[in-house]
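See below for the structure under consideration.
The values are calculated or read from the model by the stated rules, or taken from the named source; none is laboratory data. Please read these numbers as outputs of a predicted model, since none were measured by experiment. Reconstructed Cβ throughout: ideal geometry from the backbone, glycine too, with neighbour counts over all protein chains shown. What goes into the accessible areas is simple: the full protein's heavy atoms, side chains included, and nothing from ligands, DNA or RNA. Shrake-Rupley method; radii C 1.70, N 1.55, O 1.52, S 1.80 Å.
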Amino acid sequence: MSENRNMSSNDFYAIIPAGGVGTRLWPLSRRNRPKFLYDLLGSGQTLIQSTYERLARVCSEKHVVVSTGEAHVDSVREQLPSLREDGIFAEPVARDSTAAIALATAVLARRHGSRIVVGSFAADHVIRDNDAFAECVRQAAAAARHGYITTIGIAASRPSTAFGYIHQGHSLAGEIPDAPSARIVRSFVEKPDSSTAQAYLQTGEYRWNAGMFVMRADVLLDSLKQYQPDLFSAISAIADAWDQGEECRKQALRQHWYGLEKIAFDYAIAEPLSADGGVAVVPGGFGWDDIGDFNSLAALLPSYNRQNIKILGNQDDVVFLDSAGDIVAAQAGRTVALLGVDDMVVIDTPDALLVAPRARSQEVKNMVTKLSGLGRDAVL
């Protein structure tokens with residue numbers, strides 16, 4: 001057994017929020033089958049399976065739980081057969097990351113004590129170096145035990161405008177010897193424009209915010225009570241009922257869940273707490289990607305030929321001539337033929353076809369909004 005596994009097996013619990021629809025990856029990702037349930041990289045594992053396996057190496061399978069929508073429970077259980085019976089938190093409707101993380105934390109605290117350390121790690125991230133990731137989590141857990149809500153900041157390899165940033169401050173190594181890389185967080189900043197992102201990169205003080213947070217349960221719940229008292233009260237009521245039987249749980253969810261404010265954890269907790277000096281960051285150098293759109297997916301796929309064509313799925317169904325830089329998915333069982341087509345996204349599924357420039361990959365979500373407005377819910 002590795003040192004990384006030993007370090008956190010007693011008090012560390014990993015939460016996998018598996019929510020969202022992945023609208024920028026439509027029509028591959030749908031409401032009833034989001035992107036975390038797919039093997040988008042051809043690795044033999046879906047995104048949530050890779051995340052679960054990575055976290056089980058850090059703690060243990062019994063300490064990993066999943067928060068997801070009721071509609072996805074069966075799929076999650078099918079893909080994660082070793083997930084413990086009480087290790088899934090099913091949400092009747094999505095209420096963003098604060099509610100998802102807080103509910104799982106509150107229930108785990110009632111089961112195992114308020115001083116446990118919990119970590120939240122999205123189901124759809126790609127991480128290439130699991131050992132380096134485990135070391136970052138180990139240091140983040142050490143900082144969490146000292147009372148900090150700790151995030152893992154990703155090294156900014158380019159001036160991206162697609163991510164929020166973390167502005168790091170002084171070292172906390174003297175205060176937390178077990179976390180020599182930890183630093184205080186000065187602030188969280190929103191997605192910048194390109195010139196601002198370039199300026200951030202040049203300072204060396206900014207890291208991408210990947211939404212990974214590690215904290216003691218009592219610190220999180222106390223912070224929630226301070227900054228979001230209404231949400232805290234509702235979550236507490238649901239958590240009190242959660243393990244009291246299915247009917248008690250359903251009644252509490254009916255009474256409290258639907259009225260919860262939809263707010264991201266960064267806005268609700270991390271940003272205000274960082275202003276009070278209560279957030280730390282551990283630099284993450286483990287190779288990280290967020291498959292947020294088809295352009296970012298293309299960057300992770302191998303090139304099919306010298307023309308940099310990227311093919312997702314069956315390559316035999318894709319035929320091209322005088323074309324380059326495209327990402328293509330042929331999922332409808334028919335031939336997709338490209339003639340003189342450069343730098344395009346072509347996603348062909350049985351009931352929907354998307355054709356768009358790669359440079360506008362972020363705008364696919366706008367097409368989903370338009371389709372919804374037209375009443376085309378059947379393809380969403």
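For the chain, the residue among Ile16, Gln49, Pro357 whose Cα projects farthest onto the positive side of the dipole built from Cβ charges is Ile16.
Which GluC sites (Glu not before Pro) does segment 216-286 hold that lie in a coil by DSSP with at most 15 other beta carbons within 10 Å? Present the calculation step by step, with values, prior to reporting the outcome.
Working: sites: Glu246, Glu247, Glu261; in loops: Glu261.
Answer by residue number: Glu261.
For the pair segment 56-71 / segment 300-356, the C-alpha centres are spaced 35 Å from each other. For the chain, lysine pairs separated by 8 or more sequence positions, or belonging to different chains, with Cα-Cα distances below 29 Å total 21. Just to confirm the number: angle between the C-alpha axis of helix 364-373 and the first principal axis of the chain, 0 to 90 degrees, nearest 10? Between the helix axis and the principal axis of the chain, the angle is about 90 degrees.
In segment 229-324, Cα pairs under 8 Å separated by at least six residues give a relative contact order of 14 percent. Convex hull volume of the Cα atoms of segment 296-344, normalised per residue: 68 Å³. Just want the answer: with Cβ charges of +1 for Lys and Arg and -1 for Asp and Glu, which residue in Tyr227, Tyr304, Ala104 is farthest toward the dipole's positive end in the chain? The residue sitting farthest along the positive end of the dipole is Tyr227.
Packing, as the average of other Cβ atoms within 10 Å across residues, places the peptides 53-65, 349-361 in the order 53-65, 349-361, highest first. Rounded to the nearest 10 degrees, the angle from helix 217-227 to the longest Cα principal axis of the chain is 80 degrees.
Computed over all pairs of different Cα atoms, the Kirkwood value for the hydrodynamic radius of segment 1-94 is 13.9 Å. Taking the square roots of five times each eigenvalue of the Cα gyration tensor of segment 232-272, the equivalent ellipsoid has semi-axes of 24, 10, 7 Å, listed largest first.
Give me the angle, in degrees from 0 to 90, between the Cα long axis of helix 130-145 and the longest principal axis of the Cα atoms of the chain, rounded to the nearest 10. Approximately 30 degrees, to the nearest 10.
Only Lys, Arg, Asp and Glu count, each charged at its Cβ (+1, +1, -1, -1), so figure out the dipole size of segment 165-296 about its Cα centre, rounded to 20 debye.
Numbers: 10 positive and 19 negative charges, 11 e Å.
I would put it at about 60 debye.
Computed about the Cα centre, the dipole magnitude for the chain is approximately 140 debye when only Lys and Arg (+1) and Asp and Glu (-1) carry charge, each at its Cβ. Using a probe radius of 1.4 angstrom, the carbon and sulfur fraction of the accessible surface of the chain is 46%. Taken over the Cα atoms of the chain, the convex hull encloses 149 Å³ per residue.
Taking the chain as a Gaussian network of alpha-carbon nodes connected by springs under 10 Å, the highest mean-square fluctuation of the residues Gln228, Gln331, Gln307 belongs to Gln307.
When +1 charges are put on Lys and Arg Cβ atoms and -1 charges on Asp and Glu Cβ atoms, the dipole computed for segment 46-187 relative to its Cα centre reaches about 460 debye.
Of the residues Gly153, Trp257, Phe133, the one whose Cα sits farthest towards the positive end of the charge dipole of the chain is Trp257 (charges of +1 on Lys and Arg Cβ, -1 on Asp and Glu Cβ, taken about the Cα centre). For segment 123-213, place one equal point scatterer on every Cα, skip the solvent, and apply the Debye formula. What is log10 of I(q)/I(0) at q = 0.18, 0.22, 0.24, 0.25 Å⁻¹? Here the Debye-derived log intensity ratios amount to -0.83, -1.14, -1.25, -1.30.
Provide the per residue accessible area, probe 1.4 Å, for the chain, rounded to a whole number of square angstrom.
Details: 16650 Å² over 380 residues.
In whole numbers, the chain has 44 Å² accessible per residue.
Counting only DSSP beta bridges with both residues in the chain, the antiparallel share comes to about 45 percent.
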